[in-house]
Structure formats: structure tokens, C-alpha cells
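K.L.:
Here you go, one structure.
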């Protein structure tokens, strides 16, 4: 659908056309930008929302993205993990058999160096606090945070909670407006949301969708509690990035996906912001 055409419907049908157009346009990455005459007729959740604006005369979410994306960072992690060996070599009876016949025992598993990428959110620029996923940092020996303007900092882990899959990193103070944590308890199925992150290490990427479900459990090997489900594209590398509402508030921390090949099929999950806030509060109390 042409965004500009849908945004200029005749005034006499504004109530029904704008409501349906807004739904259709957001599904294709557009948003209605009402003019002054029509704004009074729009639902309160749409009229004057900070997300809505125009770029080059067309309805767009670009003004919101310009405001929030500087606080979304790329995270690269170097880690050390034991290389997997065959379980047969770890069998005590098999090792006893080797000893009996004077055969050399298998050596300890070698350490493998790995690199991985993910995303994070600047939640306190003055203190340099960055929120991300706990699973991204497991066995980490080095963590680096790269801002949208390409500045890179070595990060230190301040707090980590495997139960909620949330971690807090510290970098030097930065001159970036941090993102605000919203109230995830107010989310409803059908609310529009935007995911920002570093999928497949490509760099900062924005996708949009809706809240598909709330309170999902039994995800990620049953290690996580209730999660937000969304059809906004979430792929490997999005982990730790924000799921935001149309007011630019973080309502979730992207953490997992379901896909037959490890890629997006429209079923992604995020830790609710109210759970993530607990980890941040713990760090703040300890400072």
C-alpha cells in the first residue's frame, strides 16, 4: 500500500479510514502522521504519539528511530569453552580399561576460543550502564561495546542473572540519551512494537511488528519465565537488544526465537522490561 495515499483520506471518512490505515501502514513499516485538522478525531493512543512523524513528506517512524537508536549498541564477546570430546572417552570404566592395558588416557579437552555478537541498551549514560542478555556473556573473557557512531569500549560485567537472562555492563560515561524502561505489565496482544539490534552481525537493524502473546513460558529450554512473544523479526545477534513501544520506551529485552533453521519465522521472545528492571535496580542499590 502507498503510504502517502492512505494518509490523505477524505476528512468525512477520517474516523474509520485512519484507524484501518494505521493498522495496515504499520504492518508495512509505515505510520500515520495526522495533520492538525484530523488529530482530534484520532484515538488517544495514536494522536500525538512521539513515534509518529514524517520523513520527506511521507509517514514514517524515522523520527522515533533517530531519537532511540543512538542508545542501542552492538556487543562482541570473546569466550573460552572446552572443546567437546566423545562421551565414551569420559567413561570411568573405559579409562580403567586403558589403565589396565597400559594405554594412554585421553587428554583433557582443549579450550576453544569463540567469538559471538549481540546487542545491548544504554540505560544510564552518565554511569555507562548497558543492559543485555546473560546468555550472550557466558564464559566471556573479553566484552566490547560499539556505539552507533562507531566508538568502541571495553566493557565490565556488573551484574548477571541467568534466571531472567539479563545482565548489566559498564562502559565509560557517554553523551547519549539513554532509553527508558517502560511498564511491560501494560502490554496487550496487538500492541505495536519495534525490535532493534545486530542480527547476524550485520549492524544496527530495525524491524517492526505487534505483540503476539504475553506470559509465554517453557521457552529456551524452560530456563526462562514468562516472556513477550512478537512477530517483529528477531534473529541471532538481536539478543540483548530492545523491544520498544511507539513512545520509544523499552518494554522488552529480545532474548530468544523459534525457527527450524535458527532464523526468524515470526516467533520471537523478549524478557519483559519489568523483570529486567530488577537487575538494574540491584546494580543501582549496590553503587
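K.L.:
Is there a residue in the stretch 144-155 that is closer than 20 Å to residue 79 by Cα, at pLDDT 95 or above and surrounded by fewer than 13 Cβ atoms within 10 Å (Cβ to Cβ)?
P.N.:
Yes.
K.L.:
Okay, next question. Of all the residues that make up the stretch 269-287, how many are part of a helix (DSSP H, G or I) and modelled with pLDDT of 90 or more? Please lay out each step first, then the result.
P.N.:
Step one: list which residues in the stretch 269-287 are part of a helix (DSSP H, G or I), which gives 273-285.
If we keep only those that are modelled with pLDDT of 90 or more too, we end up with 273-277.
Counting residues in the stretch 269-287 that are part of a helix (DSSP H, G or I) and modelled with pLDDT of 90 or more gives 5.
K.L.:
Can you tell me which residue is modelled with the highest pLDDT among those in the stretch 245-268 that are in a strand (DSSP E or B) and surrounded by fewer than 24 Cβ atoms within 10 Å (Cβ to Cβ)? First the steps, then the outcome.
P.N.:
Narrowing the stretch 245-268 to residues in a strand (DSSP E or B): 250-257, 268.
Narrowing further to those that are surrounded by fewer than 24 Cβ atoms within 10 Å (Cβ to Cβ): 256-257.
On the way: 256: 82, 257: 79.
Per the stated criteria, the residue is 256.
K.L.:
Kindly indicate whether any position in the stretch 80-102 is surrounded by 12 or more Cβ atoms within 10 Å (Cβ to Cβ), at pLDDT 85 or above and part of a strand (DSSP E or B).
P.N.:
No: the stretch 80-102 contains no residue that is surrounded by 12 or more Cβ atoms within 10 Å (Cβ to Cβ), at pLDDT 85 or above and part of a strand (DSSP E or B).
K.L.:
Go through the stretch 121-184 and tell me which strands (runs of 3 or more DSSP E), entirely inside it, have 3 or more residues that are touching a residue at least 60 places away in the same chain (Cβ under 8 Å).
P.N.:
On the way: elements: 129-132, 140-146, 152-154, 156-161, 166-170.
Correct list: 129-132, 140-146, 156-161, 166-170.
The values are calculated or read from the model by the stated rules, or taken from the named source; none is laboratory data. This one's a predicted model, so the numbers in the text were calculated from it and none came from an experiment. Here Cβ is always computed from backbone atoms with ideal geometry, including for glycine, and neighbour counts include all displayed protein chains.
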